[in-house]
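Below is one structure, written out as structure tokens; comments come after it.
Nothing in this text is a laboratory measurement; each read-out follows from the coordinates by a stated rule. Predicted model only: the values in this text are computed from it and were never measured. Please note: Cβ atoms are built from the backbone with ideal geometry, for glycine as well, and neighbour counts cover all protein chains shown.
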Amino acid sequence: MDENVLIQVKHPDSFPNFFGRRLFVVREVCSEQRHEKMELTRQISVIPLFEGLPPGQLADLAAIALEKEFRRGRTIFSEGEPGLGFYVVISGRVKIFKLSPEGKEQILHLFGPGEPFGEAPVFEGRSFPAHAVALDGSRVLFFPRPAFVELIKKNPSLALNMLAVLSRRLRRFAALIDDLSLKEVPGRLAAHLLYLSEREDGKDEFDLEIPKNQLAAMLGTIPETLSRILTRMAQQGLILSEGPRIRISDRKGMRDLAEGLSRLP
């Protein structure tokens, strides 16, 4: 047997240092895990979907949540894939869209921090009805359907919060359909700019959340038409437009345009 091994065995004073170091490492790992779980619970607590839940239920959500990261342009899920759970954006932005047989893209929703997406299959147990792609580098939380459904059974207020989110989503989706089917492009754009303003607490000045070519696709038009309409709005004194920055100069005029009470010359 190696002499060094014999010496280590013959001198038990070396054991406390050896095991002490290992115990210190284990404690450090456990402390780091507790810190990560506490930070995850804190992030979940500020998500509107989970507002008002007691600490114990927030901890239950943190226990089932899986953190995922997606690079810009990365597909999160595709239409027709099994809906195994839903997501909440922590940072970045996510685009939800459908594709026509010809490959034309129709943007349905854009989601930012704190907003859930892909939640319909949680109740239906079916496949995702659209595609989801990361517009920026994005970090999301994934909540598996079976574990989340069990939490809903224990805490009905979770279901009520989810229904409130779905109700707001339905109203916004109905407005989009109304705009696409009944309004001309200037009215659609005016309605969308007013929506962005209201989302920023009624501020007159804000940035477009997506590039103009994607905004054109969302409004059912082409980039050239969108640019012409922005120019005409500016000429009529309705807005100021500089790059992605928009300032609403005539809110009443924009409202009349959005509601079809006036038209651009």
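Our coupling estimate for segment 91-98, obtained by passing each phi through the Karplus curve with A = 6.51, B = -1.76, C = 1.60 and θ = phi - 60°, is 8, x, 9, 10, 9, 10, 8, 10 Hz, Gly and Pro reported as x.
Of all the C-alpha pairs in segment 183-258, what % are more than 19 Å from each other? Tail of P(r) above 19 Å: 23 percent of Cα pairs. Site pair residue 63 and residue 157 shows an inter-label distance of 1.8 nm when each label is modelled 7 Å from Cα along Cα→Cβ. Taking a ≥ b ≥ c as the square roots of the eigenvalues of the Cα gyration tensor of segment 41-125, is the shape rounded (a/c under 1.5), prolate (a/b larger than b/c) or oblate? Verdict is prolate for segment 41-125.
Counting every other Cβ atom within 10 Å of each residue's Cβ, 195, 87 order from fewest to most as 195, 87.
In sequence order, segment 163-171 has phi-based couplings of 5, 5, 5, 4, 5, 4, 5, 5, 4 Hz under the Karplus curve 6.51 cos²θ - 1.76 cosθ + 1.60, θ = phi - 60°, and Gly or Pro positions carry x.
3J(HN,Hα) along segment 214-224, derived from phi through the Karplus expression 6.51 cos²θ - 1.76 cosθ + 1.60 where θ = phi - 60°, amounts to 6, 4, 4, 5, 5, 8, x, 9, 10, x, 4 Hz, with x in place of Gly and Pro. On the beta carbon distance between residue 124 and residue 212, with R0 = 25 Å, the FRET formula returns roughly 0.10. Under the criterion of Cα pairs below 8 Å and six or more residues apart, the relative contact order for segment 183-258 equals 38 percent.
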